[in-house]
1. Every residue in the stretch 111-156 that is farther than 13 Å from residue 430 by Cα, in contact with a helix residue (DSSP H, G or I) (Cβ under 6 Å, 6 or more places away or on another chain) and not small (Gly, Ala, Ser), please.
2. Being in contact (Cβ under 8 Å) with a residue 60 or more places away in the chain, over 20 Å from residue 207 (Cα atoms), aliphatic (A, V, I, L, M) and assigned to a helix (DSSP H, G or I) is the requirement here; does residue 453 meet it?
3. Considering only residues that are out of contact with any Leu (no Cβ under 9 Å at 6 or more places or on another chain) and within 18 Å of residue 479 (Cβ to Cβ), which ones fall in the stretch 135-150?
4. Quick check on the stretch 224-239: of everything there that is more than 6 Å from the ligand (Cβ to nearest atom) and not charged (D, E, K, R), which residue is farthest from the chain's Cα centre (by Cα)?
5. Given the structure, is residue 409 outside any loop (DSSP other than H, G, I, E, B), buried (at least 17 other Cβ atoms within 10 Å of the Cβ) and either touching a Ser or Thr at 6+ places or on another chain (Cβ under 9 Å) or modelled with pLDDT under 90 (or both)?
6. Identify all residues within the stretch 193-210 that are over 17 Å from residue 328 (Cα atoms) and modelled with pLDDT under 90; write none if there are none.
7. Identify all residues within the stretch 5-29 that are open to solvent by less than 10 Å² (accessible area, probe 1.4 Å) and either in a helix (DSSP H, G or I) or without any contact (Cβ under 8 Å) to a residue 12 or more places away in the chain (or both); write none if there are none.
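The values are calculated or read from the model by the stated rules, or taken from the named source; none is laboratory data. Since this is a predicted model, take the numbers as computed values, not measurements. Neighbour counts run over all protein chains shown; Cβ positions are idealised from the backbone, glycine included. Each accessible area value is taken on the protein alone, full model and side chains, heavy atoms only, with ligands, DNA and RNA left out. Shrake-Rupley method; radii C 1.70, N 1.55, O 1.52, S 1.80 Å.
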Amino acid sequence: MNYQDTIIAPATSVGSGAISVIRISGPDALKLADTVIDFKTGAAMSSEGYTLKYGTIKDLDDVIAAIFRAPHSYTGEDSVEISCHSSRYIVARILQLLIKAGGRMAGAGEFTRRAFAAGKMDLAQAEAVADLIASESAASHKVALNQLRGGYSGELKELREKLVELAVLMELELDFSEEELEFANRSQLQNLLDSATARIGKLVDSFRSGNAIKNGIPVAIVGAVNAGKSTLLNALLGEERAIVSDIPGTTRDTVEEVLNLDGMLFRFIDTAGIRESSDHVEKIGIERSYSSMAKAGIVIGVLDGAVPFKEVSKACAAIVARISPDKTLILVRNKVDSYDAIAPEEFPTVDRSYNVLQLKYPAFGTYDLDPSRLAEKISDYLSSKGIPVPEGISILDISAKTGEGLDTLRSKLVSACGDGPSDLGDATLVTNLRHYEALERALDDLRQVSAGLERHSPTDLVAQDLRNAIYELGTIFGAVTTDDLLDNIFSKFCIGK
Ligand code: GDP
C-alpha cells in the first residue's frame with residue numbers, strides 16, 4: 001500500500017439519483033481539484049477545511065467541492081468530495097481528468113484502509129463501516145452503529161492490555177529462570193483469566209444472534225409437496241419470487257429471500273417438499289429441505305389442509321422428528337379457504353364430537369376442522385409413533401392464497417425473536433465471522449493457560465498460550481495486522497468506500 005499517492009473514486013453508485021460524489025484523498029487532493037475545477041472563489045489550496053466551493057469544469061459540468069483538511073477528514077488526509085450531476089459520462093470524464101492531473105483510481109476499501117492506517121478508527125470499526133452501509137433493517141443498523149462507535153473494541157483492548165502485562169511478567173520469570181522467581185502473581189492471573197474467559201465466552205455466544213440480525217434470521221418453510229410452501233413464501237414476500245406449480249415437486253432448488261418485519265430481517269429458505277421421490281433431482285432438493293431445517297432458527301411447517309388427516313399427520317411427523325429442540329417451530333394448516341367452498345351440511349360428518357367434516361376431496365377421507373383439535377390429534381399421533389411432542393404444539397389456520405391468517409403468522413415470526421430491535425438494548429453482539437473465529441481461538445488459548453496453571457506446566461508453555469490469546473484479540477481491532485489480513489478485509493469493500 002502506497003499512502004503517498006492521491007486516490008480518487010466515485011463514492012456513490014453512478015447512474016441512479018440526481019447527484020454523484022467523487023472522492024479524492026491524499027497529499028495532492030487539493031491540487032488535483034484546482035487543476036480540474038475552475039473555482040469562483042479562489043483555489044482549493046488556499047481554502048480552509050470544512051468549506052464548500054462552487055466551481056465549473058470546462059465544457060462539462062458545474063460542481064460543488066467539499067474541502068477537508070488533514071487530519072480532519074474521513075481518511076485523515078487532505079480530501080475533496082466533488083458533487084456533480086449524476087451521469088455516467090460526466091463521472092467518467094471527471095475521473096479521467098483527475099487521473100490526468102496525477103490521481104490514481106482507489107482500490108477496494110482504500111479510503112477506509114487509509115482511515116485505519118491514520119488511526120481514525122480501529123479495524124473492527126472499519127469493518128463496521130461496511131456493515132453499516134449494508135444494513136437493511138433497524139436491528140442490523142443498530143448493531144453496526146454500535147460497533148462503529150466502539151462496540152466491544154474498547155473492552156477487548158483493555159482486556160488485552162492486562163493480559164500483556166501478565167505475559168511480560170511471565171517472560172521476565174523466564175529470563176531469571178535460574179533463580180526460580182515468580183513475578184506474575186498466579187492467583188491474580190487466574191482471576192483475570194476467569195473474567196476474560198467469561199466475557200469472551202459471552203461474546204462468542206452472541207454471534208448466533210448477532211449473525212442472525214446481520215444476515216436475517218433463517219426461516220425454513222418445510223412441508224409435504226403441494227402443501228403450498230412456494231405460495232406461502234410468495235404471499236409473505238408479497239411478490240412472485242419462487243416457482244409455483246400444480247405439478248408435485250417443482251420447487252426443486254432452494255430459493256432464498258429476505259423480508260423485513262418490524263425491523264427484524266428474516267431470510268426465508270424455500271424447500272422442495274418432503275416426500276419420497278424416485279426423481280433424482282428432486283431427491284437432492286428434498287435433502288436440502290431437511291438441511292435447510294438444520295440451518296434455520298425458525299421452521300414454518302406447512303400442513304396441507306386439503307388432504308386427509310393421515311397424510312397431514314405423517315407430514316407433520318416428518319418435520320417434528322427431524323427438528324432439534326432449539327428451533328422455533330410454527331405449524332400452519334394451509335388452504336383453509338378451500339373449506340369455505342363446502343357447506344358443512346352437504347357432507348356427512350363422521351364424528352360430530354370431533355367436529356369432523358369431509359372435505360373437498362371426499363375420496364381422501366375426513367379432516368378435523370378445529371385447529372386445536374387437530375393439534376391434539378397430531379400430538380396423539382406423534383406419541384403413538386414414539387416422536388417427542390414439541391412443547392406447546394399449536395396449529396395456525398392460514399390460506400396462502402387469500403392471505404387469511406398471514407398477519408398472525410407474521411406476528412408469530414416477530415415474537416419468535418424476542419422484542420426485536422428494541423430488545424437489543426446496548427447489547428454488544430458479535431456479527432463478524434472474523435471476530436467470532438478470533439474470539440473462539442482466544443478463548444481456547446486462555447483455557448489452555450488456565451489448565452497449564454492448574455497443572456503447574458512450565459512457564460514458557462503457559463506464556464506461549466497467553467501470547468497466542470493476546471495475538472488473537474489483537475487481530476480483532478487491528479493491534480496486530482498483516483498485509484494479507486488487511487488485503488482480505490478491505491478487498492470485500494466497494495471501491496470508493
Ligand atoms: P409446494 O409444493 O408446497 O411449494 O406447493 P405450491 O405452493 O406449489 O402449491 C401447490 C398447489 O396448492 C398450487 O396449485 C397452489 O395454487 C395451491 N395452493 C397453495 N396455497 C393454497 C391456499 O391457501 N388455498 C388454496 N385453495 N390453494 C392453495
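1. Those that are farther than 13 Å from residue 430 by Cα, in contact with a helix residue (DSSP H, G or I) (Cβ under 6 Å, 6 or more places away or on another chain) and not small (Gly, Ala, Ser): 112, 113, 116, 121, 122, 123, 129, 132.
2. yes
3. 150, the sole residue that qualifies.
4. 224
5. On the way: outside any loop (DSSP other than H, G, I, E, B): yes; buried (at least 17 other Cβ atoms within 10 Å of the Cβ): yes; either touching a Ser or Thr at 6+ places or on another chain (Cβ under 9 Å) or modelled with pLDDT under 90 (or both): no.
Spelling it out, it is not the case that residue 409 is outside any loop (DSSP other than H, G, I, E, B), buried (at least 17 other Cβ atoms within 10 Å of the Cβ) and either touching a Ser or Thr at 6+ places or on another chain (Cβ under 9 Å) or modelled with pLDDT under 90 (or both).
6. Result: 205, 206, 207, 210.
7. Here is the first cut: in the stretch 5-29, the residues open to solvent by less than 10 Å² (accessible area, probe 1.4 Å) are 6-9, 20, 22, 24-26, 29.
If the condition is that a residue be open to solvent by less than 10 Å² (accessible area, probe 1.4 Å) and either in a helix (DSSP H, G or I) or without any contact (Cβ under 8 Å) to a residue 12 or more places away in the chain (or both), then 29 is the only one that fits.
Residue-wise test of (1) in contact with a Pro (Cβ under 9 Å, 6 or more places away or on another chain); (2) open to solvent by 60 Å² or more (accessible area, probe 1.4 Å); (3) within 16 Å of the ligand (Cβ to nearest atom); (4) free of Cβ contacts under 8 Å to residues at least 24 places away in the same chain.
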{"position": "185", "(1), (2), (3), (4)": "no, yes, no, yes"}
{"position": "192", "(1), (2), (3), (4)": "no, no, no, no"}
{"position": "199", "(1), (2), (3), (4)": "no, yes, no, no"}
{"position": "218", "(1), (2), (3), (4)": "no, no, no, no"}
